[in-house]
Every structure is written in structure tokens, then in C-alpha cells.
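Participant: Sending over a structure as C-alpha cells; questions will come in a sec.
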There are 2 protein chains.
Amino acid sequence: MAISSKRERTRSRLGECALALFEERGFEATSVAQIARAAGVTEMTFFRHFGAKEQAVLTDPFDPVIAEVVSARPRDEEPLARAVRGLRSALSGLSEADLVMVRRRVRLVARTPALRAAAVTQNEVTSAAIAERLAAGGADPFTARVAAQTVLAAVTTALYAWAEDPHWTLIESIGAALDVLDQGHD
Amino acid sequence: MAISSKRERTRSRLGECALALFEERGFEATSVAQIARAAGVTEMTFFRHFGAKEQAVLTDPFDPVIAEVVSARPRDEEPLARAVRGLRSALSGLSEADLVMVRRRVRLVARTPALRAAAVTQNEVTSAAIAERLAAGGADPFTARVAAQTVLAAVTTALYAWAEDPHWTLIESIGAALDVLDQGHD
DNA sequence: TCATGAATGTTATGGACTAACATTACGTTC
DNA sequence: GAACGTAATGTTAGTCCATAACATTCATGA
């Protein structure tokens, strides 16, 4: 028997239909009514699963992992180094299939202004979590906030560049971005 | 006779009413119909002046100045130093009255998720301009992009912190944020 | 004065969301 | 496996943001 409940199944069905339609005819040109119909469900149901149209794309298990992993690093490393190494180890855990899906979503976000705007809200949660951990490790609160926001900005830029350029690895792109922050530190 | 045309006057009237109402009862709780009515004008007119509700707050002469000033620095300085010094000289040109208005707007943005999200769109234009200038100065395009996004993330964080904390100067806050990026470089 | 174009008003429409209430489907207990 | 309670979904109605097409007022110079 399936592990997934009915709720989980319709949710993922909605997510898949949304992604496919967005890729096919664009985010703005696709109405949630169309998505709902494609998933064999009502408009209302869509909003019960994803609070807003953008959430159908932006809901991924990616951001929480970052915060988790950064805070798992030894506390005596400096903030930037912790972020870099934390991300490196986190990304090595993704499968090929995962990467394909992540790339599809990130590319869509990278190409859609409304999605990029909505993504910052996700980002802020991650950023706050990272900053909190850094501050708990003894960093000045303001410094922690800036460091967290800065690292995420670099990672986001790397993600968008990677999604558009097929001959780069995710880890390569992110590594290169973080190297820009890190220049002069070694 | 007034220097400002009728168009400019209704525009600024709309902007002032919007800011006041947003501060009074919140951004989401204020409809553009209310703003329009307060300004003695139609809802339609609002949208002709500001393409969207958020633009009533986010339209300021701030972002363009940043890009302008960063690119005005001598090309042989390194990217980060150019950004820091460029901003420093740009901000010193603001009057007390300007600072009060900037603070009101930034505080509203800092407190309103929807406005923070919409602000990134503004940000991207500035970021692209900065990156272009950095790349024209010989920097690798990807590096330029990351540097631009990173600096703006730091500045934005500083802006939000400054708007909420009355005993800090704008330039102090931004300086402190950029110092976080700069640590280890000197 | 009147003619021209800019600024604004009117009306109609569509799409994103919310609220309140009705209904169906699912799983659990007996 | 039948009844019951609840989770999941449907229905309806409405608000607000935003756009389009067309009409109207207002300012300004010939």
C-alpha cells in the first residue's frame, strides 16, 4: 500500500501539473483554474494545498536543509567557512533525479520575475535561521544577519546561473560564488 | 507659476496619501481605492501613475543613484572598495529632510513582507547595472554578478536595521554591513 | 476661440485570493 | 461490514488588484 495519503497525492499532482503548465506557457499566462482542472480538482483545493500560486513552484525541501547544515558545523569555524562547507556537504547528498527537478524549478524561478520576488520570502526564513545559529555561536547579531543574507544572495545568484548553464555543476557554481565572498581570506 | 506639472502633483499627492495610509493601517489593509479617494482621484488614475500598489512606496530616486555612483569610481579599485566608497559619497549628499522620508519608507518596507518581495525587482535593476560596470572594468561576468548581488544584500540588510534603530546613522549602518564583507581584506 | 493633446473618468472584465457552508471520501471502531 | 467521525474536497459569493477600451475634462498655444 502507498505510504502517501490522499492529501499528499493530490498535492504532488497539483505541483507537477503546475510546473508543467508553467514551463509550457509561462507562469503569468497560466491560471490556477487551469492547473486545478489539469489535476482534476477545484480551484479552491489548489489554494488549500498551496497558499498562493507561486508556492506551487517554491515549495521545496531545499531551504530548510541549508539552515540545518550550516548550524551543524563546528562552532569555532568562522561564519563564512561554516556556510561554504555546510552547503558543500548538503549538496553532495542530492541524487541525479533530484538535481534534474531542482534545475527545472530553479530555471523557472530564474526566468520569472514574480517567482524571484516570491522566493525572497522563503529566503528570509532560511536567512533568519542561519543568522540565529551564527549569533548563538558568539557572532554579533547584526554581523550575523549581514553574513547570512550575504551568503544566501551569493548562493541564489549561483543557483540562477547554474540553472541556465548546462555545463556547470551545482556545487561548482555555488563554490565559485562563495569564493567571491571568500577572496582574500586565505 | 509652479515648476511641477499637474501630473507630477497628483502623483506626489497619491504617493503621500499611500504612505500615510500604509503607516496608519498597514499595507495589506489599505486598498488602492482608499488611496485614490484620499487623493481625490480615481482608482484608475492610481494605476496610471504607479503600475502596482507596491510602487507607491518603492518608487524612489535611491537605487539609480547607487549604480551611478559605484560606476563613477576609478576603475582600478577593487569591486568591493568601489561599492563602499561610492555609497559613502552618495549618502553624504542627502539632506536631513530626505533622510526622514527615506526612513519612513524603508521602515514600512522592512515591516511588510509584500513590499520586501517587491523591492527585489527594483534591486535587480540596480544589481545588473553595477555588475555591468564591474564587468566593463575587467571583472569576470559571474564574479561581477555575485559581487553586485552580495553588496546589495548587505546594503539592504543595513537599511532595514537602520530604519528600525533610531540611534544609528545610515552611513554607519551601511558601513558596518560592508565591513562584514570586507573583513580580512586589509 | 478653438483645436489639440495630456490627464483623468467610466465601464467592463479577468484573475488571485478568502470566507462560510455543504458534501463527499476515508479510516476506525464495534 | 455497517455506522460514525473526521479529513478532504466542492460550491457559492464576494473583495481586491490590475488591464483594456472608450469617453470626458482640462490646459495650452495658434
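The values are calculated or read from the model by the stated rules, or taken from the named source; none is laboratory data. No experiment lies behind these values; they were computed from the predicted model shown. Here Cβ is always computed from backbone atoms with ideal geometry, including for glycine, and neighbour counts include all displayed protein chains.
Participant: What do you reckon, is A:VAL109 modelled with pLDDT of 95 or more and in contact with a Leu (Cβ under 8 Å, 6 or more places away or on another chain)?
Facilitator: yes
Participant: A further question follows. State which residue is surrounded by the fewest Cβ atoms within 10 Å (Cβ to Cβ) when the search covers only the range B:5-41 and only residues that are of a type in the set (Lys, Arg) and away from DNA strand D (no atom under 12 Å from the Cβ).
Facilitator: Restricting to residues being of a type in the set (Lys, Arg) and away from DNA strand D (no atom under 12 Å from the Cβ), the top hit is B:ARG13.
Participant: Can you tell me which residues in the range A:165-180 are within 11 Å of chain B (Cβ to nearest Cβ) and crowded, with 18+ Cβ neighbours inside 10 Å?
Facilitator: Matches in the range A:165-180: A:SER173, A:ILE174, A:ALA176, A:ALA177, A:LEU178, A:VAL180.
Participant: Just checking, how many residues over the range B:36-52 are out of contact with any helix residue (DSSP H, G or I) (no Cβ under 7 Å at 6 or more places or on another chain), part of a helix (DSSP H, G or I) and more than 7 Å from DNA strand C (Cβ to nearest atom)?
Facilitator: Result for the range B:36-52: 2.
Participant: Taking the options B:ARG133, B:ARG145, name whichever one is within 11 Å of another protein chain (Cβ to nearest Cβ) and over 16 Å from the mean Cα position of the chain (by Cα).
Facilitator: B:ARG145 is the lone residue from the list that is within 11 Å of another protein chain (Cβ to nearest Cβ) and over 16 Å from the mean Cα position of the chain (by Cα).
Participant: Also: Yes or no: A:ARG133 within 27 Å of B:ASP182 (Cβ to Cβ) and modelled with pLDDT under 90?
Facilitator: yes
Participant: Could I ask something else about it? Regarding B:TRP162, is this residue touching a Phe, Trp or Tyr at 6+ places or on another chain (Cβ under 8 Å), surrounded by fewer than 17 Cβ atoms within 10 Å (Cβ to Cβ) and more than 9 Å from chain A (Cβ to nearest Cβ)?
Facilitator: Here the answer is no, as B:TRP162 does not meet what is asked.
Participant: Out of everything in the range B:53-66 that is assigned to a helix (DSSP H, G or I) and within 14 Å of chain A (Cβ to nearest Cβ), what residue ends up being nearest to DNA strand D (Cβ to nearest atom)?
Facilitator: That would be B:GLN55.
Participant: Got a sec? Which of B:LEU108, B:LEU115 is within 16 Å of the chain's Cα centre (by Cα), more than 12 Å from every other protein chain (Cβ to nearest Cβ) and buried (at least 16 other Cβ atoms within 10 Å of the Cβ)?
Facilitator: From the options B:LEU108, B:LEU115, the qualifying one is B:LEU108.
Participant: Return the pairs, sorted by first residue and then second, in which the second residue is away from DNA strand D (no atom under 12 Å from the Cβ) and outside any helix (DSSP H, G or I), the first residue lies in the range A:5-30 and is within 14 Å of another protein chain (Cβ to nearest Cβ) and in contact (Cβ under 8 Å) with a residue 60 or more places away in the chain, the beta carbons are less than 9 Å apart, and the residues are 6+ apart or on different chains.
Facilitator: These pairs meet every condition: A:GLU28/A:THR112.
Participant: Among the residues of the range B:148-159, what is the count of those that are among the hydrophobic types (A, V, I, L, M, F, W, C) and either at positive phi or facing another protein chain (nearest Cβ under 8 Å) (or both)?
Facilitator: Selection size over the range B:148-159: 4.
Participant: I'd like to check which helices (runs of 4 or more DSSP H) are fully inside the range A:77-186 and have at least 3 residues that are farther than 28 Å from A:PHE50 by Cα, in the same structural domain as A:ALA29 (by TED's automatic domain parsing) and among the basic types (Lys, Arg).
Facilitator: Correct list: empty, since no element meets the threshold.
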